[in-house]
Amino acid sequence: MILGVVPVAKKHSRKEERQKALVRYLQEQPFATDEELAARFKVSIPTIRLDRLALGIPEVRERVMMLAQEARSRMRGVTDEELVGELVELQPGKVGISFLEVRPEMLLKPGGACRGYYLFAQANSLALATVGREMVLTSSARVRYRRPVYEAEKVVARAMVKVQRGCTYLVSVHSRVGTEIVFKGQFVVIAPEVDEKGQGGDNP
């Protein structure tokens, strides 16, 4: 997704350099808020908003909605209700990305860490969606929690299909807060063939 283009001039002002850096950063961290961007570039929030407007970059909620609408149109085998987190990119059989913001009801206790279930469920449902088949089942999972996640943190999970053998897929998922990995998982996903009646057949 192209977020914007900055015009090139012979003499780059500080503003132009910042806007170029802003475009590059948002390509890597598309879910960064204006507050986070202001802290990153050491400017005020209104300055970041003016930069976004000049570059034609929408605010974070609109960016997520635009990405999610496009990704959901490609989703198979997993319903919106089953998916934990907001699906924002999907290349079936290859790569998927989802976004989860930790809310108060997801915590073990007020002010505490997020329940591990949510990180697992985000990764597992993303792995199933990334396979991109009509029927998908988790056969096994090997996971590791790297650090606790807290309220208002934004978890971006990236799933990648590593191996496919017949109807069996090995999917790797790394979940990050910013650039820090907080969860890693490997999921073996079975995608049985579906017959004309919509029922799964035997695995080959």
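The values are calculated or read from the model by the stated rules, or taken from the named source; none is laboratory data. Remember, predicted model here, so these are calculated numbers, not experimental data. All Cβ positions, glycine included, derive from the backbone under ideal geometry; neighbour counts span all protein chains shown.
Counting only residues that are touching a helix residue (DSSP H, G or I) at 6+ places or on another chain (Cβ under 9 Å) and closer than 17 Å to GLU134 by Cα, which one in the stretch 75-86 is surrounded by the most Cβ atoms within 10 Å (Cβ to Cβ)?
The first filter runs over the stretch 75-86 and keeps only residues touching a helix residue (DSSP H, G or I) at 6+ places or on another chain (Cβ under 9 Å), leaving 75-78, 80, 82-86.
In the following step, the residues that additionally are closer than 17 Å to GLU134 by Cα were identified as 75-78, 80, 82-83.
Numbers: MET75: 18, ARG76: 15, GLY77: 19, VAL78: 22, ASP80: 10, GLU82: 12, LEU83: 18.
So the residue we want is VAL78.
Look at the stretch 60-88 and say how many of its residues are modelled with pLDDT of 75 or more and within 18 Å of VAL189 (Cβ to Cβ).
10
Sort through LEU53, LEU90, LEU67 and tell me the only one that's aliphatic (A, V, I, L, M) and more than 25 Å from ARG18 (Cα to Cα).
Exactly one of LEU53, LEU90, LEU67 is aliphatic (A, V, I, L, M) and more than 25 Å from ARG18 (Cα to Cα), namely LEU90.
Can you tell me which residues in the stretch 45-80 are small (Gly, Ala, Ser) and either on the phi > 0 side of the Ramachandran plot or assigned to a helix (DSSP H, G or I) (or both)? Let's see the steps before the verdict.
Restricting attention to the stretch 45-80, the residues satisfying the condition of being small (Gly, Ala, Ser) are 54, 56, 68, 71, 73, 77.
Passing the criteria: ALA54, GLY56, ALA68, ALA71, GLY77.
Where the second residue is part of a strand (DSSP E or B) and the first is on the phi > 0 side of the Ramachandran plot and lies in the stretch 150-172, which pairs have Cβ atoms under 9 Å and are six or more apart or on separate chains?
Every condition considered, the pairs that remain are ALA152/GLU101.
Condition test on MET106, is it surrounded by fewer than 21 Cβ atoms within 10 Å (Cβ to Cβ), hydrophobic (A, V, I, L, M, F, W, C) and out of contact with any Cys (no Cβ under 7 Å at 6 or more places or on another chain)? Show your work before the answer.
Values: surrounded by fewer than 21 Cβ atoms within 10 Å (Cβ to Cβ): yes; hydrophobic (A, V, I, L, M, F, W, C): yes; out of contact with any Cys (no Cβ under 7 Å at 6 or more places or on another chain): no.
Spelling it out, it is not the case that MET106 is surrounded by fewer than 21 Cβ atoms within 10 Å (Cβ to Cβ), hydrophobic (A, V, I, L, M, F, W, C) and out of contact with any Cys (no Cβ under 7 Å at 6 or more places or on another chain).
Which members of the stretch 171-183 meet the condition of being surrounded by fewer than 17 Cβ atoms within 10 Å (Cβ to Cβ) and more than 18 Å from TYR117 (Cα to Cα)?
Answer for the stretch 171-183, where residues must be surrounded by fewer than 17 Cβ atoms within 10 Å (Cβ to Cβ) and more than 18 Å from TYR117 (Cα to Cα): GLY178, THR179, GLU180.
Working carefully through the options VAL136, VAL177, VAL155, VAL143, find the one that is β-branched (Val, Ile, Thr), touching a helix residue (DSSP H, G or I) at 6+ places or on another chain (Cβ under 9 Å) and under 21 Å from PRO30 (Cβ atoms). Outline the logic, then answer.
Values: VAL136 fails: under 21 Å from PRO30 (Cβ atoms); VAL177 fails: touching a helix residue (DSSP H, G or I) at 6+ places or on another chain (Cβ under 9 Å); VAL143 fails: under 21 Å from PRO30 (Cβ atoms).
When all the criteria are applied, what remains is VAL155.
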